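Structure, as structure tokens:
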Amino acid sequence: MRKQLRRQQSGVRLSARHAGRCQLDQLARSAALGFAALIGSCGLFARRFAAQHDRAWVTYSSVTGVVFLFGFIGVAGGSGATWSVLGFWVAVILAWSWITTISLRYRSALTEA
């Protein structure tokens, strides 16, 4: 009777661990999707600015997308190494500054209209 009870208790623990791992997997997939969307947005805006012949914004958007891509690859494969985490932080700061400047650019365009 006691052995059966212990097996049932350990089964509950295993299913709780499994549920936690599934939630972590979903979080990782969601983060990867968001990061891919950010990288894609950088590419789309770079093309838009290229059509407008705005080289500074083409460069800024392209560099941001490439740095963020390499930062994400580094942190995903770097297993928590200091260099990969620092590189990812640089990429995140660059990406947020890009998002901010894009927002300010189009906000000022809307207020002028």
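Computed from the coordinates by the stated procedures, all read-outs in this text should not be read as laboratory data. Keep in mind it's a predicted model, so treat the numbers as computed, not measured. Backbone-built Cβ (ideal geometry, glycine too); neighbour counts: all protein chains shown.
Brief remarks follow.
- Extending 7 Å from Cα along the Cβ direction at Thr111 and again at Ala32 yields two label points whose distance is 4.1 nm.
- Pairs of Cα atoms nearer than 8 Å and 6+ residues apart set the relative contact order; for the range 68-107 it is 39 percent.
- Principal axis box of the range 68-113, alpha-carbon based, largest edge first, Å: 49, 13, 9
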